[in-house]
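Before any comments, here is the structure.
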Amino acid sequence: MGEVNKELLEKLLKEMKESPIKILSVEESLDKIITQKKSLCRFGDGELDIILGKSLGFQRSTPEIAKRLEDVLTAKQDFCFVGVPDAINNFDNITEESKEFWVDNMARVRSVWLKYLDSEKEYLTANLTRLYIRYKDKSQCEKNFTKLKSIWKNRDIVICEGAQTRVGVGNDILEGAKSVKRIICPAENSFDKYDKIIETMKQFDKNHLFLIALGPTATLLAFEMAKCGYQALDVGHFDIEYEWFLRHADKKEKIENKYVYEVDNGNKTENVEDKEYLAQIVKIIE
């Protein structure tokens, strides 16, 4: 691990004092979803990279996905919340490792974010699903996970996830849901199967809540489902973060039976013979 570039940090902090963009905190963002029951599509550093033509390890950038992500990010609409990195405005309460990453990232692309974002609009933090590992003070983590879980309490949920993602398997994060069904999609380059995925999702009644963990494809799926009158949440890494929370991890680590792109060999997982999980799968899209 390197060190935070102090010169860049000071420059960015000065610019952030006059930020025209409103981004809610994790707690405020969770409260908005709980009270308004809207959908959420999230844009992190990976989604911006895709827009700028840079491929990720698990999703190649193409002109089509780049254009669609850009269109969603800049859309004038009020049916779906949009989440963006809170590091656009501050580096509060994050570990030195996280700060090092975000200072470097924002030095390169903060001006790009400002070009795309609307000063008249209120954004949620994209990190409302990253509730543990990045924080220096972790005293609010349990409370925020409890808030997150309340979103699907007594709801019929459909999890749309990559193969080996296995949201909720081996932990209690889905506890309280009325029912759980799963659509299993490719772990990598899932956008290639976008039409099949969205067609499958739309076969469910609109009382179902969709939890989508599919990288940048999740951003687009959540937006389109919201447009069609569903509630769909692009939830990203929430289950992995919960696993780290349960383990009291102090850094990102491999979870044996789940795909964790951000750690070495995290894409190599063990088979799962969990009967409950297998029974929840209603469709496999390969």
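The values are calculated or read from the model by the stated rules, or taken from the named source; none is laboratory data. Model, not experiment: these values are computed from the prediction. Glycine gets a Cβ as well: all are built from the backbone with ideal geometry, and neighbour counts include every protein chain shown.
Side notes on the structure shown:
- Scan of segment 204-252 for residues that are in a strand (DSSP E or B) and more than 16 Å from Leu174 (Cα to Cα), ordered by number: Gln231
- Number of the condition not met by Glu96 [criteria: (1) in contact (Cβ under 8 Å) with a residue 12 or more places away in the chain; (2) under 23 Å from Val235 (Cβ atoms); (3) of a type outside the set (A, V, I, L, M)]: (2)
- Test: residue in segment 150-167 that is under 15 Å from Glu28 (Cα atoms) and either assigned to a helix (DSSP H, G or I) or out of contact with any helix residue (DSSP H, G or I) (no Cβ under 8 Å at 6 or more places or on another chain) (or both): yes
- The set of residues in segment 12-33 being basic (Lys, Arg), touching a residue at least 40 places away in the same chain (Cβ under 8 Å) and exposed (fewer than 15 other Cβ atoms within 10 Å of the Cβ) consists of Lys22 alone.
- Filter result (modelled with pLDDT of 85 or more and part of a loop (DSSP other than H, G, I, E, B)) within segment 256-286: Ile285, Glu286
- Considering residues of segment 138-167 that are at pLDDT 95 or above and small (Gly, Ala, Ser) only, the residue surrounded by the most Cβ atoms within 10 Å (Cβ to Cβ): Ser150
- Residue within segment 263-270 that is touching a strand residue (DSSP E or B) at 6+ places or on another chain (Cβ under 8 Å), surrounded by 13 or more Cβ atoms within 10 Å (Cβ to Cβ) and not acidic (Asp, Glu) present: no
- Strands (runs of 3 or more DSSP E) contained entirely in segment 34-137, each with at least 1 residues that are of a type in the set (Phe, Trp, Tyr) and crowded, with 20+ Cβ neighbours inside 10 Å: 80-84, 122-125
- The residues on offer are Glu199, Glu161, Glu175, and the sole one that is within 15 Å of the chain's Cα centre (by Cα) and farther than 25 Å from Leu52 by Cβ is Glu161.
- Selection count where residues are among the small types (Gly, Ala, Ser) and at pLDDT below 90, scope segment 1-25: 1
- For segment 187-203, a residue qualifies if it is part of a helix (DSSP H, G or I) and among the acidic types (Asp, Glu), and the qualifying residues are Asp192, Asp195, Glu199.
- Some residue of segment 220-241 being more than 29 Å from Ala75 (Cβ to Cβ), without any contact (Cβ under 8 Å) to a residue 24 or more places away in the chain and out of contact with any helix residue (DSSP H, G or I) (no Cβ under 6 Å at 6 or more places or on another chain): no
- Against the numbered list (1) more than 21 Å from Gln280 (Cα to Cα); (2) among the polar types (S, T, N, Q); (3) part of a loop (DSSP other than H, G, I, E, B), Asn144 comes up short only at (3).
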